[in-house]
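Q: So that we are looking at the same thing, I have put the structure below in structure tokens.
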Amino acid sequence: MTSKPVAAAVRRERAVRAAVEQGLLGQDQPVVGLLDVAGIRAAAAELRAAFEEIVAPGTPVLHAFAVKAAALVPVLRLLADEGLGCEVASPGELALARAAGVGPERIVLDSPAKTTAELREALGLGIAVNADNPQELDRLGELLQPQAGPPGPLGLRVNPQVGGGSIGALSTATATSKFGVALQDEGAREWVVRAFAERPWLTRLHAHVGSQGCPLELMAAGVRATYELAEEINETVGRQQIDTLDIGGGLPVNFGSDGITPSYREYAQLLLATVPGLFDGRYGLVTEFGRSLLAKAGLVLARVEYAKSAGGRPIAVTHAGAQLATRTVFDPESWPLRVETYDAEGRPKTAGPDGPVAQDIAGPCCFAGDLVAQNRPLPELAAGDLVGLLDTGAYYFSHHFAYNSLPRPGVYGFTAGGGDEVRFATVREPQTVEEIVTESGAAHATSLAEL
């Protein structure tokens with residue numbers, strides 16, 4: 001039986017060849033993004049199955065995809081068809097979720113800087129809201145006074161302060177994290193308990209420890225701390241006021257191979273062992289996974305424009321650099337990417353008789369550090385060859401860096417059926433130069449000169 005990683009690699013190889021044959025990549029479009037629809041469906045199914053295995057029958061569970069990981073309406077719609085909702089952190093992300101047809105009962109709003117207008121909109125729509133701090137709780141209370149109908153579920157984000165992982169910027173449960181109410185600060189825990197006692201409309205607790213670089217044990221410790229706080233609050237108020245725990249997401253991704261590790265099941269089983277009371281049916285559950293659902297399904301495919309050398313090292317100059325792989329370029333130790341090489345027809349490229357050649361894979365941006373791989377042993381690349389950046393399905397298509405006014409590439413989903421058939425569907429059209437000019441204020445070209 002073919003393993004899932006092997007099957008995914010086969011689909012990817014077929015998609016690269018088909019992208020060239022069908023003209024998605026060429027002189028006019030030297031870089032594209034590809035998404036493996038079967039891989040996305042499989043990840044969603046594995047997430048659902050992992051938690052269905054551990055929750056008590058009848059427990060309400062919402063897996064809300066973190067929209068920031070792939071802010072693309074067709075992706076959100078595909079995930080919605082697979083039973084997932086959306087976790088949003090801005091008016092734009094909320095609009096994307098609604099455009100994808102996701103109902104308000106399956107949307108959760110998290111953000112450390114919600115405006116009054118954003119909160120009013122969320123209350124009016126009936127979506128779930130997790131307040132970040134005491135001031136926001138007060139603001140919510142004021143907005144609820146004239147509320148005509150019942151709002152959606154309202155919760156409070158807490159920071160269990162259990163520590164950080166290997167990537168500080170993605171560790172959200174450190175002693176000084178900007179997110180939530182820091183539970184171990186003096187008087188904070190007592191304040192949280194009192195806040196719930198004074199606000200019977202507050203029915204959820206939310207915590208998110210971090211994502212890439214955070215070990216599963218640290219994540220589970222944060223969930224346990226949040227569960228214990230919920231138990232304390234419910235005991236203090238004398239009823240089950242908190243009926244749902246939002247445990248965030250953050251499952252790290254293996255960027256070293258096609259293997260999917262850790263798995264959702266591994267994490268779910270660790271949670272069951274660490275916080276068994278969370279799954280006995282008394283609490284509903286919300287998760288907010290993002291990267292782990294999409295990363296393995298994505299591929300950036302770029303044409304090598306030139307092959308040159310400097311100081312004796314070969315350099316392949318491609319059209320995929322910091323504008324797409326922003327984190328990789330600026331923090332390569334934390335965000336290394338695997339690179340696959342193909343010839344101009346999309347066929348895998350093999351090393352010559354002397355073996356792989358250490359070379360740099362450079363992007364198109366005008367600064368020296370725009371490198372997605374340095375001194376990487378690969379089959380030696382030539383102009384016209386193709387480079388594939390693997391595991392780029394999450395964040396790489398939604399965090400475009402507009403340096404040098406480089407356009408956002410087109411993104412296409414694919415399915416690889418029987419025989420040689422590969423079908424593509426447009427997820428996002430390639431950005432045009434005209435659109436870049438419009439975004440850059442062309443309609444106001446003379447405004448400063450006229451002051």
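Q: Which net charge results when you count Lys and Arg as +1 and Asp and Glu as -1 among the other residues whose beta-carbon is under 13 Å from that of residue 46?
A: Working: positive: 4, 41, 48, 265, 296; negative: 52, 53, 82, 266.
Summing Lys and Arg as +1 and Asp and Glu as -1 gives +1.
Q: As I understand it, the value is the acute angle between the Cα axis of helix 134-144 and the longest principal axis of the Cα atoms of the chain; what does it come to in degrees, rounded to 10?
A: Approximately 70 degrees, to the nearest 10.
Q: Show me the trypsin sites (Lys or Arg not before Pro) within region 155-253 that DSSP assigns to loop and that have at most 14 other Cβ atoms within 10 Å of their Cβ.
A: Numbers: sites: 157, 178, 189, 194, 204, 224, 239; in loops: 178, 239.
Counting only loop positions with at most 14 other Cβ atoms within 10 Å, the trypsin sites (Lys or Arg not before Pro) in region 155-253 are 178, 239.
Q: From Cα pairs below 8 angstrom and at least 6 apart in sequence, can you work out the relative contact order of region 389-451, rounded to a whole percent?
A: 25 percent
Q: How large is ³J(HN,Hα) for each residue in region 334-351, as worked out from phi by the Karplus curve 6.51 cos²θ - 1.76 cosθ + 1.60 (θ = phi - 60°), to whole Hz, x for Gly and Pro?
A: My calculation for region 334-351 gives 7, 10, x, 10, 6, 10, 10, 10, 9, 7, 5, 9, x, 8, x, 9, 10, 5 Hz in order.
Q: Right, here's the next one. What's the exposure ranking of 371, 79, going from fewest to most Cβ atoms within 10 Å? Write down the numbers at each step before the final one.
A: Values: 371 21, 79 26.
Ascending Cβ contact count within 10 Å gives the list 371, 79.
Q: A further question follows. Mind giving me the FRET efficiency for residue 374 and residue 175? R0 is 35 Å, r the Cβ-Cβ distance, nearest 0.05 is fine.
A: 0.55
Q: Residue separation times 0.36 nm, minus the C-alpha to C-alpha distance between residue 433 and residue 235: what's the value? Working shown, then result.
A: Working: separation 198, 0.36 × 198 = 71.28 nm, distance 6.04 nm.
Full-extension gain reported as 65.2 nm.
Q: Apply 1/(1 + (r/R0)^6) to the Cβ-Cβ distance of residue 116 and residue 351, taking R0 = 41 Å, and write down the FRET efficiency to the nearest 0.05. If you can, show how the numbers build up before the last one.
A: Numbers: r = 60 Å, r/R0 = 1.46.
Plugging the Cβ-Cβ distance into 1/(1 + (r/R0)^6) gives 0.10.
Q: If you don't mind, another one. In what sequence do 109, 451 fall when counting other Cβ within 10 Å, fewest first?
A: Working: 109 27, 451 5.
By the 10 Å Cβ count, ascending: 451, 109.
Q: Which percent of the Cα-Cα distances in the chain go past 28 Å? Mind showing how you got there, number by number?
A: Numbers: 54764 of 101475 pairs.
So the portion of pairs separated by more than 28 Å is 54 percent.
Q: What are the residues whose amide H is under 5 Å from the amide H of residue 286, where those residues sit 5 or more places off or on another chain and H is modelled from the backbone?
A: 62, 245, 246, 247
Q: Also, I was wondering about something else. Taking H placed 1.01 Å from N in the peptide plane, check which residues at least 5 places from residue 431 or on another chain put their amide H under 5 Å from its amide H.
A: Here 408, 410 satisfy the definition.
Q: Check each of the GluC sites (Glu not before Pro) in region 386-451 and keep only those in coil by DSSP with at most 12 other C-beta atoms within 10 angstrom; list them in order.
A: Numbers: sites: 421, 434, 435, 439, 450; in loops: 421, 450.
Loop-located and lightly packed - 421, 450.
Q: Further question on the same structure: Just for region 38-292, what percent of DSSP beta bridges are antiparallel, to the closest 5?
A: Numbers: 1 of 28 bridges.
In region 38-292, DSSP labels about 5 percent of beta bridges as antiparallel.
Q: Something else about it: State the extension gain, in nm to one decimal, for the chain segment bounded by residue 451 and residue 45, taking 0.36 nm per residue of separation less the distance between their alpha-carbons. Each step should come with its number before you reach the end.
A: Details: separation 406, 0.36 × 406 = 146.16 nm, distance 5.81 nm.
Gain on stretching residue 451 to residue 45: 140.4 nm.
Q: Here's a follow-up. Within a 10 angstrom radius of the beta carbon, how do 426, 287, 203 rank from fewest other beta carbons to most?
A: 426, 203, 287
Q: Considering only lysines 8 or more places apart in sequence, or on different chains, count the pairs in the chain whose C-alpha atoms sit under 27 Å apart.
A: The result is 9.
Since every read-out is calculated from the coordinates, none of them should be taken as a lab result. Quick caveat, the model's predicted, so the values are computed rather than measured. Positions of Cβ are backbone-derived with ideal geometry, glycine not excepted, and every protein chain shown enters the neighbour counts.
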